[in-house]
Amino acid sequence: MRKFLTQLTLCFALIVLLTVALIAIFANIFLVKNFDSYLTNQQLEYEQNLASGLTLQYDDETEEWNVEYIHGMGMYALEDYYIIKVYDKNGSVVWDAENHDMQSCHNVMQGLLDEITRLKTQNPQSFFTTQYPLLRAGVQIGTAEITHFVSNGLSESDQQFINSLNVILVVVGVLSLVVAVVVSVFLANKISKPITQLAKVTKEISRGNYTIRCDDTTKTQEIYQLTDSVNHMTDEIEKQEKLRQRLTSDVAHELRTPLAIAASYLEAMSEGVWEPTPERLRSCQEEIDRITNIVSELEKIRQIESENLNLNRTDFDFKEIVESVTSLFDIKMSEKKLSCITGNDKMIVNADERKIRQVLLNLISNAVKYSYEGGKIEIGWQEYDTEWKFYVKDTGIGFPQEQADLLFERFYRTDVSRSRGTGGVGIGLSIVKAIVEAHGGKVTADSVQGKGSLFTVVLPK
Ligand code: ADP
């Protein structure tokens, strides 16, 4: 596996090399092409000037050519790699650069001509000949044959310019490469540092250290989101771990008390300290029943959780269910002198009727259980465009608001409810939560301790 730094550096280097290479290729093609057309134009202009210059060397009156001047012009043209041949109107040669008397020429001119002759034999395609009619007042007085040498399109200075441009491009390429490496080292460090740290943190978490957190001071949004999610996940794991520990100790606690009582009774009776009277045996039976009850509650929640996957949805009137469930508590409510107010409106709900009845049963049972004598219980409901909402409110012992979410965890009971010996085992609300969530809904708990509680259920349509 390649390191992030290597990958980034390779990527940057490739981009830089490609860019510089493309610039170099296009610049060269563009320059050569432009020089070509520039040279062609220049050549044409030069030749036309030459032809009109030659016309001037004809004397109308004497009908003679000024060969001396033509010779001078021819020599200058030769220096520029143009070979001139001038014919008069009858077609006889007036002056020919290749055949004139070389004695009078400068050595350099001779050398130049030699060079041109050499090039011509070596590469005849590099020479182009054009014929220009020499006109005076519309009448042809002769013809100029101009041959020019095309030296690859580019002069030495042009080639020099392109060479220096290429050198500049190479220098820019090398400099950009250095910058690319520096930038990629910087970027790779900036990105990979928090990722490496994240890897370390998640490794620690997998070893069971849930107190560790990632440093989330990064300014990169995506990295921040990642560290934030990992920190959030660790918070959740830590919370679940604490709950798991609490659950184990709570189950142990719930089982220990009845077991200890039953064991001490049986021991006393078997050692002959106590007479095994029917009442004592019934007490033992009650404690064992309590243990059986805890086990069956556990079994119930397991069953509800597995059943929840397949809901048996039907349309039913919520009001009717409330009435039938509250009637189950008539005796208990009158014993505690509780008043119960319920809504009057019909509300057709599409849900699993049996399970929603269980939710109401658990909530109302708690409201009755945790109410003070003479308290008030209120059950209300309302239909909205996208959801059904109902609540169970009481004026009972309440709970600390910060424990609101914990109430829905298995075996969780507030200290007050434990000490009051209400007989619950802390499963009822976890069943409520499991059923509501299976319907895609949400259950929340609110309370002012000592004043009362409010449990609200929202079921989406
Ligand atoms: P149980 O009532 O059997 O203990 P639940 O899961 O129904 O178990 O409730 C868990 C805990 O939530 C209770 O032990 C109690 O501390 C708290 N609780 C539930 N309902 C109420 C209520 N209406 N008023 C005050 N506390 C409540």
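A few remarks follow.
- Considering the conditions (1) under 22 Å from L363 (Cβ atoms); (2) outside any loop (DSSP other than H, G, I, E, B); (3) within 51 Å of the chain's Cα centre (by Cα), S327 is excluded by exactly one of them, (3).
- Test: residue in segment 300-316 that is assigned to a helix (DSSP H, G or I), within 14 Å of the ligand (Cβ to nearest atom) and buried (at least 20 other Cβ atoms within 10 Å of the Cβ): no
- I261 vs. criteria more than 30 Å from T414 (Cβ to Cβ) and surrounded by 12 or more Cβ atoms within 10 Å (Cβ to Cβ): no
- Scanning segment 210-236 for residues that are surrounded by 14 or more Cβ atoms within 10 Å (Cβ to Cβ) and hydrophobic (A, V, I, L, M, F, W, C) gives I212, C214, I223, L226, V230.
- Segment 333-366: number of residues that are within 18 Å of D394 (Cα to Cα), crowded, with 18+ Cβ neighbours inside 10 Å and either more than 16 Å from the ligand (Cβ to nearest atom) or of a type in the set (A, V, I, L, M) (or both): 7
- Across segment 212-228, the qualifying residues are those that are aliphatic (A, V, I, L, M) and part of a helix (DSSP H, G or I), and the one among them that is nearest to A188 (Cα to Cα) is I223.
- In segment 319-332, residue farthest from P460 (Cα to Cα) [restricted to those that are out of contact with any Lys or Arg (no Cβ under 7 Å at 6 or more places or on another chain) and either within 13 Å of the ligand (Cβ to nearest atom) or among the hydrophobic types (A, V, I, L, M, F, W, C) (or both)]: I331
- Set L165, L187, L243: member being under 30 Å from I427 (Cα atoms) and in contact (Cβ under 8 Å) with a residue 40 or more places away in the chain: L243
- Residue within segment 42-58 that is surrounded by 11 or more Cβ atoms within 10 Å (Cβ to Cβ) and part of a strand (DSSP E or B) present: yes
- Selection count where residues are in a helix (DSSP H, G or I) and surrounded by 13 or more Cβ atoms within 10 Å (Cβ to Cβ), scope segment 264-280: 6
- Restricting segment 367-380 to residues that are within 19 Å of E323 (Cβ to Cβ) and not β-branched (V, I, T) leaves a set whose member that is farthest from the ligand (Cβ to nearest atom) is G380.
- Test: residue in segment 9-26 that is surrounded by 12 or more Cβ atoms within 10 Å (Cβ to Cβ) and in contact with a strand residue (DSSP E or B) (Cβ under 8 Å, 6 or more places away or on another chain): no
- Condition check for K369: without any contact (Cβ under 8 Å) to a residue 60 or more places away in the chain, more than 23 Å from K337 (Cβ to Cβ) and surrounded by fewer than 22 Cβ atoms within 10 Å (Cβ to Cβ): no
- Qualifying position, being among the acidic types (D, E) and modelled with pLDDT of 90 or more, among E286, E275, E320: E320
- Hits in segment 77-96 (condition: loosely packed, with under 14 Cβ neighbours inside 10 Å and in a helix (DSSP H, G or I)): E79
- Residue check for K433: touching a strand residue (DSSP E or B) at 6+ places or on another chain (Cβ under 9 Å) and near the ligand (Cβ under 10 Å from one of its atoms): yes
- Positions within segment 438-454 being modelled with pLDDT of 90 or more, more than 7 Å from the ligand (Cβ to nearest atom) and closer than 26 Å to R354 by Cβ, in sequence order: H439, G440, G441, K442, V443, T444, A445, L454
- Residues that are out of contact with any helix residue (DSSP H, G or I) (no Cβ under 8 Å at 6 or more places or on another chain), closer than 16 Å to V368 by Cα and at pLDDT 85 or above, drawn from segment 393-421: T395, G398
The values are calculated or read from the model by the stated rules, or taken from the named source; none is laboratory data. Everything numeric here is computed off the predicted structure, so don't read it as measured data. No Cβ is skipped: glycine too gets one built from the backbone with ideal geometry, and neighbour counts run over all protein chains shown.
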